[in-house]
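K.L.:
This is the structure I want to talk about, given as structure tokens.
The values are calculated or read from the model by the stated rules, or taken from the named source; none is laboratory data. Note that the structure is predicted; figures quoted are calculated from it, not measured. A quick note on method: Cβ atoms are made from the backbone with ideal geometry, for glycine too, and the neighbour counts reach across all protein chains shown. Just so you know, the surface numbers come from the protein's heavy atoms only, side chains and all, with ligands and any DNA or RNA stripped out. Shrake-Rupley method; radii C 1.70, N 1.55, O 1.52, S 1.80 Å.
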Amino acid sequence: MKNWPYPRLFAHRGGGSLAPENTLAAVKLGQSLGYRAHEFDVKLTKDSVAMLLHDATLERTTTGRGRAADFTWKELAELDAGAWHSPRFQGERLATFEAVARQLIAKGDMANVEIKPTPGTGRETGLAVAREAARLWAGAEVAPLLSSFDFEALMAAKEAAPDLPRGWLVDPFTEADWGRLEQLQAVSLHTNHKKVDVKDIARLHQRGYRVMLYTVNDVAIAERLFAAGADGLFTDNLEIFAQHFPQMIAAA
């Protein structure tokens with residue numbers, strides 16, 4: 001298998017369940033607990049600014065309504081992206097990809113950038129996010145790991161930034177995914193821990209792929225998955241996992 005510089009635990013959506021997901025506040029909180037690697041979602045605004053947001057629409061995690069892709073960054077930057085989580089984070093704004101990258105790079109931390117296109121914008125988003133990632137992490141010791149459920153987006157990322165590592169996201173893993181892994185020249189397979197067959201972990205390793213599993217919040221389950229050979233887990237349970245697995249949140 002290729003070199004794997006990432007820790008075995010990633011803070012899911014920046015700061016797990018302790019902060020509003022996909023915000024600078026979330027990343028900073030995860031960093032404060034010692035996490036050296038953070039997973040987050042990136043899509044494009046109407047004016048092609050790369051920004052963090054999981055959903056295609058704004059309602060769940062902001063005070064906005066409608067698709068993020070239908071608004072400019074200037075308009076989106078006015079929204080509250082923290083009040084939905086708790087009063088402590090009221091007033092927290094959406095974050096640009098660049099702002100989060102700078103926060104991570106300043107601390108020497110790592111990223112799993114999930115390319116999360118608004119439906120119908122896979123190629124455009126994959127190209128833009130990969131180019132931005134290559135620019136932001138130019139010269140960094142550890143490159144960001146790009147991943148996506150959108151095959152078109154990840155193929156476009158390969159085209160735009162072939163030197164950046166790629167992880168294929170699936171739910172669940174099937175035999176058809178072997179061909180996609182090859183086409184993507186992926187370094188890793190990312191899948192739902194509830195549906196993974198431990199035999200597939202060994203099969204993937206035999207073919208040179210790392211295995212990343214989401215979203216694991218129970219310590220006993222994490223121990224079982226690590227014992228089965230999982231290379232990394234994404235978690236929302238940041239405090240407990242940091243206490244139980246302190247060596248696995250640090251750099252590899």
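K.L.:
Please enumerate the residues belonging to the range 20-59 that are touching a residue at least 40 places away in the same chain (Cβ under 8 Å), open to solvent by 10 Å² or more (accessible area, probe 1.4 Å) and assigned to a loop (DSSP other than H, G, I, E, B).
P.N.:
Glu21, Leu33, Gly34, Arg36, Ser48, Val49, His54, Ala56, listed by residue number.
K.L.:
Taking the range 85-98 only, how many residues are buried (at least 16 other Cβ atoms within 10 Å of the Cβ) and either within 21 Å of the chain's Cα centre (by Cα) or free of Cβ contacts under 8 Å to residues at least 60 places away in the same chain (or both)?
P.N.:
7
K.L.:
With the structure loaded, tell me whether Gly82 is surrounded by 18 or more Cβ atoms within 10 Å (Cβ to Cβ), free of Cβ contacts under 8 Å to residues at least 24 places away in the same chain and assigned to a loop (DSSP other than H, G, I, E, B) or whether it fails that test.
P.N.:
no
K.L.:
What single numbered condition from (1) of a type in the set (A, V, I, L, M, F, W, C); (2) closer than 17 Å to Val187 by Cα; (3) open to solvent by 40 Å² or more (accessible area, probe 1.4 Å) fails to hold for Ala220?
P.N.:
Every listed condition holds for Ala220 apart from (2).
K.L.:
Since Glu114 meets every condition but one in (1) open to solvent by 40 Å² or more (accessible area, probe 1.4 Å); (2) out of contact with any Pro (no Cβ under 7 Å at 6 or more places or on another chain); (3) charged (D, E, K, R), which condition does it not meet?
P.N.:
Looking at each condition in turn, Glu114 falls short on (1).
K.L.:
Here's a follow-up. If you take just the strands (runs of 3 or more DSSP E) that sit entirely in the range 129-210, which of them hold at least 2 residues that are surrounded by 21 or more Cβ atoms within 10 Å (Cβ to Cβ) and of a type in the set (Asp, Glu)?
P.N.:
Once the strands (runs of 3 or more DSSP E) in the range 129-210 are filtered for at least 2 residues that are surrounded by 21 or more Cβ atoms within 10 Å (Cβ to Cβ) and of a type in the set (Asp, Glu), nothing remains.
K.L.:
Shifting gears a bit: Sort through Asp177, Asp171, Asp200, Asp163 and tell me the only one that's modelled with pLDDT of 95 or more and touching a Lys or Arg at 6+ places or on another chain (Cβ under 9 Å).
P.N.:
Asp171
K.L.:
Then there's this: Buried (at least 17 other Cβ atoms within 10 Å of the Cβ) and either at positive phi or not in a helix (DSSP H, G or I) (or both): does that describe Leu213?
P.N.:
Considered against the rule, which asks whether it is buried (at least 17 other Cβ atoms within 10 Å of the Cβ) and either at positive phi or not in a helix (DSSP H, G or I) (or both), Leu213 comes out as yes.
K.L.:
Kindly indicate whether any position in the range 49-68 is under 23 Å from Pro7 (Cα atoms) and hydrophobic (A, V, I, L, M, F, W, C).
P.N.:
Yes.
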